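The values are calculated or read from the model by the stated rules, or taken from the named source; none is laboratory data. What you see is a predicted model, and the numbers here were worked out from it, not measured in a lab. Cβ coordinates were reconstructed from backbone atoms using ideal geometry, including for glycine residues, and neighbour counts include every protein chain displayed. Protein only, heavy atoms only, side chains kept; ligands, DNA and RNA dropped before computing areas. Shrake-Rupley method; radii C 1.70, N 1.55, O 1.52, S 1.80 Å.
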Amino acid sequence: MTDKKLTKKDFSNDQAVKWCPGCGDYAILSATQMAMAQIGVEPHNVAVISGIGCSSRFPYYMGSYGMHSIHGRAPAVATGLKLHNPDLSVWIITGDGDGLSIGGNHLAHIIRRNMNVNIILFNNEIYGLTKGQYSPTSKPGLTTKSTPYGSLDRPFSPARFALGCGSTFYARTIDTDPKHMIEVFKEANAHEGTSVIEVYQNCVIFNDKVHDKYTNRKTRDENSVRLEAGKPMIFGAEKDKGFIFEDFNLKEVELKDGYTEEQLVKHDPTNQGLVHMLANLSPETSAVPIGVLKKDLTAHTYDSSFQAQIQSQKDAKGPGSMKDLLMSGETWSV
Amino acid sequence: MKQIESVVVRFSGDSGDGMQLTGTQFSNTSALMGNDLATFPDFPAEIRAPQGTVAGVSGFQVNIGSVKVNTPGDEPDVLVAMNPAALKANIKDLRLGGTLIVNIDSFTDLAFKKAEYESNPLDTPQFEQYQVIKAHISSQTKEALSELDLDTKSKERCKNFYALGMTFFMYARDLEPTKKWIQEKFKNKDVLIQANTMALVAGFHFAETIEAIGDRYQVKPAPIDKGLYRQINGNTALSWGFMFAAENSGHELYLGSYPITPASDILHELSKHKNFGVKTFQAEDEIAAVCSSVGASFGGALAITTSSGPGIALKSEAMNLAMMLELPIVIIDVQRGGPSTGLPTKTEQSDLNMAMYGRNGESPVIVLAAAHPSDCFEMAFEAARLSLEHMTPVVLLSDGYIANGSEPWKIPDISKYPKIKSKLVKKELGESEVYLPYKRDENLVRTWATPGMKGYMHRVGGLEKEEDTGNVSYDPENHERMIEIREEKVKLVQNNIPKQKLLGEDKGDLLIVSWGGTYGATYQAVSAQIEQGNKVSLMHLNYINPMPKNVDEILKGFKKIIVCELNGGQMKDLLNKEFSCMAEGYTKMQGKPFMIRELSGMMEKALEDIKLS
């Protein structure tokens, strides 16, 4: 934290940003920089680690420390960095290919361990950097260069993946809504543990309008529900729709059918059952939740336990002496 | 009592019979009695193969001497076989005329079947060549412990101490250190202290009583340098070497690792020493292990990662990233038999090519190799020093043989080591200063600024970079220049390593070249040739990339060069490529170390050839 008022500029550098014109990445970069300025963390205490992919060029455009590492491995690099430098604010930039395909193992394990880092997962449901192949989040049947007759893969739901790994913070936001992104990023940063933020990001070249349903002014209000903790899950252009519990699940209802706001389910990101129901909501059947789906405030972070264990050993045994170690056990004089 | 210079004893039995422990006690006692020694544990790849089968046999060989001992010995003088399977697995190695001690209680029809013997092998004429002692080890142990309040199974479990007691009598070993060890090991379990001690003494007395044991032998203390000694194996020495380098350099030690035989013991050892500030992280896989170390190195740690061949293969992309970023990291490869899963518990030196060339693009890294168990301490320190002073990955090669083998080690005076000077920048950059992360010194080494340092913010990445700034650059000429810089940077390490030493004269007929864990065998074999007056010298390489400057000159001083290595000839190829020196290869790929007599035979033949030509 600093007394000086930080601005977006403090988190930028002199390098030209080279994403395609119209790419959703620009907005995410800008929102991240603004969120960091508002958080008040100094640029030299921020490290942004990425893997490979369009999104992973991100660190090159930051005014902080950064590393563009290798494909899928950013969570592992970030883990080592955070364990060695526990005071850093560590951000991981990844995509649906980098994070869920080649790097799925590392993403699973960083979430499981609950490292105190922030992960921004750019989900555009396509491989952009390699020029348009289907990804593990592409919808079934998607026609791409590598699936000219349609994709046969069952896609991952990043939310269900993360929750399955024991995620303690999961949020979803959209590249066309900078204000929402900034708020979500700030909330993610405030969370002690692995914060996974899935950003619906548009690849203007290879999968344009993939999230149109939630971004298009005409349709977005009918197809997405903005989550706010403690508030009823209400949505629609006329604020006339919501969810109730029925058959152990969430059911979309309209107020005109006789439901009152009081009857609608209120969002509680700490309620495990509700969180899983929210993660299961898919665009094929209902509106999708946008915002902080899950927040678990009870889990320990791996990095704090890691440092505490070292400290407890130091307290118990005193600082180690190399000389004593060499002399330990059986020795004899000649 | 007869005096002998040295004796080789091998203990063998089922993997649950406690043979490693027995061998270790024999070794420790001998070390305390002033002998020089070398050990070689040999265990099966399976944790507990079916009891009584050859696959489940575990062995421990130790060579003790009143003279300098460099290897665990070519062939045992004494073989202890706790069951028929152990006999089957080991009898071919026993010296003709050697002593065989068998636990005759275990020589039953069922046991023969499990060991795939048709009948009692001891009845065959083959065994007339040995001095066979048939001891009722199991039943005598139980008998000796009959008064104790302990179940039969636990009593029988003490039989390894009975066997140890027998060998202690034969070689006039002191019982006290083992008695003391038993007391510490079974603290608060009085009955077990009693049981194991009684078994040890019973074995000792049995050997004293029977006439089957002819002579008793004495191995006097060896004439070794004065000083304080301890025993050490390679993996422990290596762990401590890095801990010392961390203390010396002021950079916290970070290990990212994934369990793999025979490297896991380094992870185990370092995980104990959290009070030294050592950080160990058992990652989800080999790739995450090395990547976490790259992250820690970016953060300013003395970062290392440990593995063996298959794991190193997985790490190659991240090693290349560290090379490209120019971050210090040490990659430890405790080599085992390859390719693929190969022979996990056996030794080999076949990862040299992978260390040198196993990455995409032009990817020079420093490559070092440790020569013997205690040398792992020295080479770990060297690996850390060169990595931190030259901002480059170092591959440190060890192998299963020296990793698990142990020897007496004169405890070094750590105040005498040079201070490692890392390239870490000063704490804060002035307001008007601009940090150039890839600006280089006269050795082409960049500086090291780490996240958290004010003013030094910069980005690194795997994409090709521009000189000085480190910004991404696709410029063709820049790319070529950067490749040359990275190559030259590693070559310049030559100025920071010691000159190559030789055993023997610097000119002569035959130069034996070896590297890594074969040192003990090549040293002893070449020493014998020199004693006989032959013009043979040994060049044992610890610094492989770059090699010391004088290697070229040394190679030119001999009529014939033979490179001895436990692989298909990888160092030979490397020398011929670098120096066009027409080196020949002498190789072995059986998962076992060289025997001295193999090397002696090879050298005698080579000297003959030189005479004839």
**Complete:** With all protein chains in place and a 1.4 Å probe, residue A:184 shows an accessible area in Å² (nearest 10) of 10 Å²
**Request:** Grab the Cα-Cα distance for residue B:589 and residue B:340, subtract it from 0.36 nm times how many residues apart they are, and report the gain in nm with one decimal.
**Result:** 88.2 nm
**Message:** Whole angstrom only: what separates the Cα centroid of the range B:195-211 from the Cα centroid of the range B:465-483?
**Reply:** 74 Å
**In order through the range B:178-192: 3J(HN,Hα) via Karplus (6.51 cos²θ - 1.76 cosθ + 1.60), integer Hz, x for Gly, Pro** = 5, 4, 5, 4, 4, 5, 6, 4, 9, 3, 6, 10, 3, 5, 6
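Order A:107, B:110 by their accessible area, 1.4 angstrom probe, all chains in place, largest first.
Reading off the accessible areas and sorting them downward yields B:110, A:107.
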**Asked** Taking only the alpha carbons of chain A, what extent do you get along each of the three principal axes, in Å, biggest first?
**Response** 93, 48, 45
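Can you give the extra length, in nm with one decimal, that the chain gains between residue A:321 and residue A:300 once fully stretched, where that is 0.36 nm per residue apart less the Cα-Cα distance?
4.5 nm
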**Message:** Between 0 and 90 degrees, rounded to the nearest ten: what's the tilt of helix B:375-390 against the longest Cα principal axis of chain B?
**Reply:** 10 degrees
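What ranking, highest mean first, results for peptides B:69-76, B:575-582, A:244-251 when packing means the other Cβ atoms within 10 Å averaged over each residue?
Top of the packing list down: B:69-76, B:575-582, A:244-251.
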**Between 0 and 90°, nearest 10: helix B:596-612 axis offset from chain B longest Cα axis** = 70 degrees
**Item:** Stokes-Einstein translational diffusion, the range B:132-224 - Kirkwood Rh over all Cα pairs, 1.306 mPa s, 10 °C, in µm²/s
**Value:** 115 µm²/s
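Quick one: net charge of residue B:105's neighbours, Cβ under 10 Å, K/R +1, D/E -1?
Neighbourhood net charge equals +2.
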**Request:** Please get the size of the charge dipole for the protein assembly as shown, origin at its Cα centre, with Cβ charges of +1 on Lys and Arg and -1 on Asp and Glu, quoted in debye to the nearest 20.
**Result:** 900 debye
**Prompt:** At 222 nm, what helix-only mean residue ellipticity would chain A give, in deg cm²/dmol to the nearest 500, using -39500 (n - 2.57) for each DSSP H run of four or more?
**Reply:** -8000 deg cm²/dmol
**Asked** Peptide B:460-470: average number of partner chain Cβ atoms within 10 Å per residue?
**Response** 3
**Complete:** Other residues with Cβ under 15 Å from the Cβ of residue A:238 give, with Lys and Arg +1 and Asp and Glu -1, a net charge of 0
**Asked** Ignoring ligands, DNA and RNA, what accessible area per residue does the range A:150-260 give at 1.4 Å, in Å²?
**Response** 50 Å²
**Item:** Inter-label distance for residue B:186 and residue B:282, nm, one decimal - labels placed 7 Å from Cα along Cα-to-Cβ
**Value:** 3.0 nm
**Fill in**
Along the range B:439-456, Karplus-curve 3J(HN,Hα) (6.51, -1.76, 1.60; θ = phi - 60°) to the nearest Hz, with x for Gly and Pro, reads 7, 10, 8, 5, 8, 6, 9, 8, 8, 10, 10, 10, x, x, 7, 5, x, 9
**Hydrodynamic radius by Kirkwood, which averages 1/r over all alpha carbon pairs of the protein assembly as shown, in angstrom** = 31.3 Å
**Fill in**
Length-normalised contact order of the range B:77-144, Cα under 8 Å, at least 6 apart, in percent, tallies to 37 percent
**Part-to-part distance (alpha-carbon centres) for the range B:98-128 and the range B:346-396, which is given in Å** = 46 Å
**Asked** Using a simple spin-label model with points 7 Å from Cα along the Cα→Cβ vector, what separation in nm is obtained for residue B:475 and residue B:598?
**Response** 5.4 nm
**Request:** Compute the accessible area per residue over the range B:2-108, keeping the other protein chains in place, probe 1.4 Å, unit Å².
**Result:** 31 Å²
**Request:** Determine the distance separating the Cα centre of the range A:213-273 from the Cα centre of the range A:1-47; give it in Å without decimals.
**Result:** 33 Å
**Asked** Looking at the range B:2-218, what % of its DSSP beta bridges pair antiparallel, to the nearest 5?
**Response** 50 percent
**Request:** From the C-alpha gyration tensor of the range A:22-85, pull out the three semi-axes of the equivalent ellipsoid (sqrt of 5λ each), sorted largest to smallest, in whole Å.
**Result:** 19, 17, 8
**Item:** Spin-label model distance (nm) - residue A:237 vs residue B:605, 7 Å beyond Cα toward Cβ
**Value:** 9.1 nm
**Prompt:** Computed FRET efficiency, Cβ-Cβ of residue A:263 and residue A:190, R0 30 Å: what is it to the nearest 0.05?
**Reply:** 0.40
**Asked** When each pair of different Cα atoms in the range A:92-193 is counted once in the 1/r mean, what is the Kirkwood radius in angstroms, to one decimal?
**Response** 14.5 Å
**Furthest towards positive pole of dipole, B:510, B:66, A:24, structure part the protein assembly as shown, Cβ charges** = A:24
**Request:** At 37 °C and 0.692 mPa s, grab the translational diffusion coefficient of the range B:2-218 from Stokes-Einstein with a Kirkwood Rh over Cα pairs, rounded to a whole number in µm² per second.
**Result:** 190 µm²/s
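Within the range A:46-139, what percent of beta bridges assigned by DSSP are antiparallel, to the nearest 5?
Percent antiparallel among DSSP bridges in the range A:46-139 is about 5.
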**Message:** Along the charge dipole of the protein assembly as shown, pointing to its positive end and built from +1/-1 on Cβ of Lys, Arg, Asp and Glu, which listed residue (B:210, B:221, B:167) has its Cα farthest out?
**Reply:** B:221
**Message:** Can you tell me the convex hull volume per residue for the range B:1-111, based on C-alpha atoms, in Å³ to the nearest whole number?
**Reply:** 108 Å³
**Request:** Calculate the all-directions average of the projected area of the range B:230-416's alpha-carbon convex hull, and give it in nm².
**Result:** 9.4 nm²
**Cα gyration tensor shape of chain B, rounded if a/c is under 1.5, else prolate or oblate by comparing a/b with b/c** = prolate
**Prompt:** Angle between the Cα long axis of helix B:19-32 and the longest principal axis of chain B, 0 to 90 degrees, nearest 10?
**Reply:** 80 degrees
**Asked** Under 12 Å from the 7 Å Cα→Cβ point of residue A:129, by amide nitrogen: which residues of the range A:73-109?
**Response** A:73-74, A:93-99, A:102-103
**Fill in**
Cβ-Cβ cut-off under 10 Å around residue B:70, Lys and Arg +1, Asp and Glu -1: the net charge is -1
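Pop the C-beta distance of residue B:45 and residue A:146 into the FRET formula with R0 = 41 Å and round what comes out to the nearest 0.05.
After rounding to 0.05, the efficiency reads 0.50.
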